[in-house]
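Notes for the one structure printed next.
The values are calculated or read from the model by the stated rules, or taken from the named source; none is laboratory data. Bear in mind the structure is a predicted one, so any value in this text is a computation, not a measurement. Cβ sites come from the backbone with ideal geometry, for glycine too, and all protein chains shown count toward neighbours. SASA here: full protein model, heavy atoms, side chains in, ligands and nucleic acids out. Shrake-Rupley method; radii C 1.70, N 1.55, O 1.52, S 1.80 Å.
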Amino acid sequence: MYARSANSYLDPDRIRVARMRRGMTKVDLARKLSVTPRTITKYEDGGAPTAGADALAQALGFPVKYFFRGNTPSLGVDEVRFRAARRATARERDAAVAAGVSGVEIDGWISARFVLPDIDVVPFAGEAPRVAAHLLRGIWGLGTKPLPNLVQLCESRGIRVYTLPAFADAVDAYSIWRGGVPYVFLARRKTPERIRFDLAHELGHLILHSDEGEGTAAQEREADAFASEFLIPGASVVEYMRRNPSVDEILDVRSAFKISAMALAFAAHKAGRMSDWAYRQACIELSQRGFRKSEPGGMAQYEVSRVFPQVLNESRFGGARAIANGLDLPVEDVHALTFGVELRAAQPTEAVQGTDRRPQTRRLRVV
């Protein structure tokens, strides 16, 4: 049970994070609680009386005990580079940051019980983006061949990849370093090819801009250049495509490298495999076939995590509900952050582990 001492207060950071997660302003929350916005400011600066815990929990859709936890991971909107910063509203950006706070806490829960792959992300700050892409492919032993499932490739190198819940996913994607651990948070609203590019883009940020502050337009262009070269290097274009290929040939190579047809045409033109005229004609034909807004005949499925199915379906650890109980999070948030991995129903006789004791760690297989 949580204490209700008259001299104690609810954690102010938890109140702020929960409000941001729900996409509420201070005015919105004040109306729900029938208080003034100034009162909410006081709550988020110095804490709220414990007597208000039930009302806050009901208004924000979080378990009551969440507001008593303390030790909230620090993460500010001003230190995050959002993929769609200009299109997303302030509320959507706040919600995405708050989701990231929960993601970092979930990662801590998982890391205490499972042995995750070692972090193998080499910073290339100051390096040209395309050179950095070549260097990383070389270090990871990828050569010029098409990349495998990019989510699982990143996980195998110690990068934590989480999915953004609805509303927060308006930012498309963002990446952060926390405690020496790299994180990527991805929306799942676009085509599989676009999400794959977003992940490569955020990987570029992690290795190119790990020591830089708030994102700039120049950093976004560099991350795009990295992603393009990482997904299909110029050498791969030369190896896999003849000069001035037809649209059907472009689509064949597109399927192998799992990128959008438009992106592949751009890469071929940039690598000198397509003349200006051939590139323009290919873009016109691709647009006529509907490739400007979608990806007909593209990837049949979204790339998924290898880590979360192993973690959430491990009955000894209790799955998503155990994580939610251990961290006092809504179980729906845990599912939304972990690729929506479905769990079988727990049997009545199965005990759900909390955080009172640390189970023996188990090594995950991520290849």
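Just from its helices, what would the mean residue ellipticity at 222 nm be for the chain, if runs of 4 or more DSSP H residues each count -39500 (n - 2.57) and the sum is divided by every residue, rounded to the nearest 500 deg cm²/dmol?
-14000 deg cm²/dmol
Just add up the charged neighbours of GLU44: K/R +1, D/E -1, any other residue whose Cβ is under 12 Å from the Cβ of GLU44. Intermediate results must be reported in sequence, preceding the final value.
Details: positive: ARG14, ARG16, ARG19, LYS26, ARG38, LYS42; negative: ASP11, ASP13, ASP45.
Net local charge, GLU44 excluded: +3.
If I compute Rg/Rh (Cα atoms, Kirkwood Rh) from the structure I just sent, which labelled value in (1) 1.02; (2) 1.05; (3) 1.14 lines up?
Recomputing Rg/Rh (Cα atoms, Kirkwood Rh) here picks out (1).
What lysines could a cross-link reach from LYS42, if we take a straight Cα to Cα line under 17 Å and drop same-chain neighbours fewer than 8 places away?
Straight-distance partners of LYS42: LYS26, LYS32.
Quote to one decimal, in nm, the extra length available between VAL77 and ARG242 on full extension: 0.36 nm per residue of separation minus the C-alpha distance between them. Write out the running numbers ahead of the final one.
On the way: separation 165, 0.36 × 165 = 59.40 nm, distance 4.57 nm.
Going from the current span to full extension adds 54.8 nm.
If you average the C-alpha positions of region 63-85 and of region 186-225 separately, how far apart do those two centres end up, in angstrom?
So the separation of the two Cα centres works out to 20 Å.
With a cut-off of 8 Å between alpha carbons and a minimum separation of six or more residues, what is the relative contact order of the chain in percent?
Details: 565 pairs, mean separation 66.9, N = 367.
RCO, the chain: 18 percent.
If I take every Cα pair under 8 Å that is 6 or more residues apart in region 106-225, average their sequence separation and divide by the length, what percent do I get for the relative contact order? Before the final figure, lay out each step's value.
Numbers: 140 pairs, mean separation 33.5, N = 120.
With pairs under 8 Å counted, the relative contact order is 28 percent.
Rounded to a whole number, what % of the accessible area of region 112-188 do carbon and sulfur atoms account for, probe 1.4 Å?
Answer for region 112-188 is 58 percent, counting heavy atoms of protein chains only.
Any chance you could give the angle, 0 to 90 degrees and rounded to 10, that helix 276-288 forms with the longest Cα principal axis of the chain?
Here the helix axis deviates by roughly 50 degrees.
Have a look at ALA48, ALA128, ALA261 and tell me which one the Gaussian network model of the chain (Cα, springs below 10 Å) gives the largest fluctuation.
Highest fluctuation among the options: ALA128.
Taking 0.36 nm per residue of separation and subtracting the Cα-Cα distance, what length does fully extending ASP118 through ASN313 add?
Values: separation 195, 0.36 × 195 = 70.20 nm, distance 2.22 nm.
Residue separation times 0.36 nm, minus the Cα-Cα distance, leaves 68.0 nm.
Per-residue counts of other Cβ atoms within 10 Å, averaged by peptide: what ranking do you get for 246-258, 196-208, highest first?
Details: 246-258: 17.2, 196-208: 24.7.
Per-residue Cβ counts within 10 Å, averaged per peptide and sorted highest first, yield 196-208, 246-258.
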